Structure formats: C-alpha cells, structure tokens
Amino acid sequence: MNKSLASIVVLLICLAPTLLLAQVEDFQSWNSVSIDWKLNKDFTASAEQEFRLVDNASRLGEYISVVGFQYKVTSWLRMGAAYRLTLNYDLEDQAYPDHRIYTDLNFRIKPGRFTLGYRARYQIVFQQFISDNYSNFNPQHLRHKFSAKYNISKTPLYPFAEFEFYQSLNNPAENSIQKTRYTGGLGYPITDYATLEVYYRFVEKSFRFIKPKQEYVLGFSLGFSF
C-alpha cells in the first residue's frame with residue numbers, strides 16, 4: 001500500500017465516526033436465538049426469541065417471541081405462517097404488546113456458489129400502540145425481501161446481503177413504501193447444528209405524520225437446526 005492510499009484510508013477511518021453521528025438518529029443492537037425442528041421431509045417448525053436495544057443500545061426497546069412453521073412445496077418454493085408477540089417498551093419501561101400474524105412465500109435458487117432468494121410476506125399487526133389517535137389501528141403490510149448468499153470455496157464462512165421494503169396496504173392517510181432495510185453480514189457454522197450470523201443493517205422509516213427515522217443496527221443471530 002503506497003503512502004497516498006494509506007493516508008486516505010487513515011483519513012476515512014478518522015472521519016467515519018463524525019460522518020455517522022451527523023446522519024444517525026439512533027444506533028441499535030438486535031440479538032436473537034432461533035430453533036428449527038424438521039418434523040419430516042416437508043414440514044419444519046420454528047421458534048425465535050429476540051431483544052432489541054435502542055437509544056444508542058442503552059435500553060430495551062422491544063422483546064419479541066415468534067412461533068411458526070414452513071412447508072416445502074418444491075426444491076425452490078416454500079410456504080410458511082407464524083405468530084409474533086412483541087413487547088414495546090417506552091422510556092419508563094412500560095410495555096405495550098402487539099400481536100402479529102404473517103404468511104410467507106419463499107423462492108430460492110442456487111446458481112453456482114450463490115443462493116438467491118425472494119420472500120413475499122403479508123402481515124397484519126393487532127393492538128399496536130402508536131398514539132392516542134391511532135391506538136386501534138391494525139396496520140397491514142406486504143413485505144418484499146431479496147437476499148443473496150455466497151459460499152466461499154475452502155471455508156465455512158459465507159457473506160450475505162439483503163434488501164427489504166414494507167408496502168402499506170391499509171394506511172388511512174396514504175399507502176406507500178413505509179420502511180426499507182439494507183443488510184450486509186457474515187455467517188459461520190459453529191457446528192453441524194448451530195450457525196452464528198453477524199450483520200450490519202440500515203433501516204429507514206418514512207411515515208406521513210412522523211418524522212422520517214434512520215436506524216443503524218448491529219445484529220447477532222444464533223440459529224439451531226435439528
């Protein structure tokens with residue numbers, strides 16, 4: 001590395017915190033543990049626990065529990081459904097629960113060392129606390145997620161990338177793209193049954209009556225499969 005290139009790298013490293021602080025509204029940490037049970041060659045049951053730290057990862061913002069199942073239609077198509085309970089915590093540690101039901105269609109192909117996927121998810125949220133004016137509003141969304149994973153030769157490590165956006169279906173003010181997620185990460189199979197993934201995610205929310213919010217997320221996901 002020549003001196004000019006080294007100087008540029010050092011300068012970017014020094015400026016990165018300043019640039020991030022100028023743009024970031026919140027830094028968060030999302031951490032989850034999940035288990036998949038293969039009931040037979042077609043059906044898989046799953047459960048997941050997740051907690052999300054918000055306000056610069058200083059306090060608990062959400063605690064999430066999910067149970068669901070998935071059915072393998074073909075080698076490239078899977079269908080699924082799940083129930084999710086979320087406890088949303090405010091600054092006084094008061095918890096407001098919401099209940100979410102969703103159904104999925106998952107498409108996946110494997111060209112070469114790549115695994116490419118698309119997931120269409122319909123979800124409806126019940127009893128979500130938004131504000132006094134919208135406490136009885138049950139939002140519905142269609143979520144589109146595109147993913148890519150690469151199997152590196154001679155190593156168990158695999159990089160992955162995801163892009164997801166939320167399309168509102170019943171917003172009384174305006175149906176639009178209300179949230180986008182950009183994710184990049186790295187996965188490592190610890191054993192034949194356990195895999196650890198570390199990722200960095202940028203989330204951008206845009207609502208008509210709420211100031212657009214940006215979140216930078218450092219995430220850790222531990223998954224077991226039996």
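Rule-based calculations on the coordinates, nothing more; no lab input. Being a predicted model, the structure only gives us computed values, none of them experimental. Cβ placement follows ideal geometry from the backbone for every residue including glycine, while neighbour counts extend to all protein chains displayed.
Brief remarks follow.
- Extension gain from Phe107 to Ile124, taking 0.36 nm per residue of separation minus the Cα-Cα distance: 4.0 nm
- Taking amide hydrogens as placed 1.01 Å from N in the peptide plane, the amide H of Ala57 sits under 5 Å from those of Phe27, Ser29, each at least 5 positions away in sequence or on another chain.
- Inter-label distance, nm, simple model (7 Å from Cα along the C-beta direction), Leu77/Ala95: 4.0 nm
- Loop-located GluC sites (Glu not before Pro) in segment 138-226, at most 10 other Cβ atoms within 10 Å (DSSP): Glu174
- Bins of 10 Å, starting at 0 and running to the largest distance - Cα pair percent for segment 133-207: 17, 35, 24, 17, 7, 1
- Segment Leu87-Asn151, extension gain: residue separation times 0.36 nm, minus the distance between their alpha carbons: 19.4 nm
- Segment 26-225: Lys pairs at Cα distance under 13 angstrom, eight or more positions apart or on different chains: 8
- For segment 26-225, alpha-carbon Rg and Dmax in angstrom: 17.5, 56
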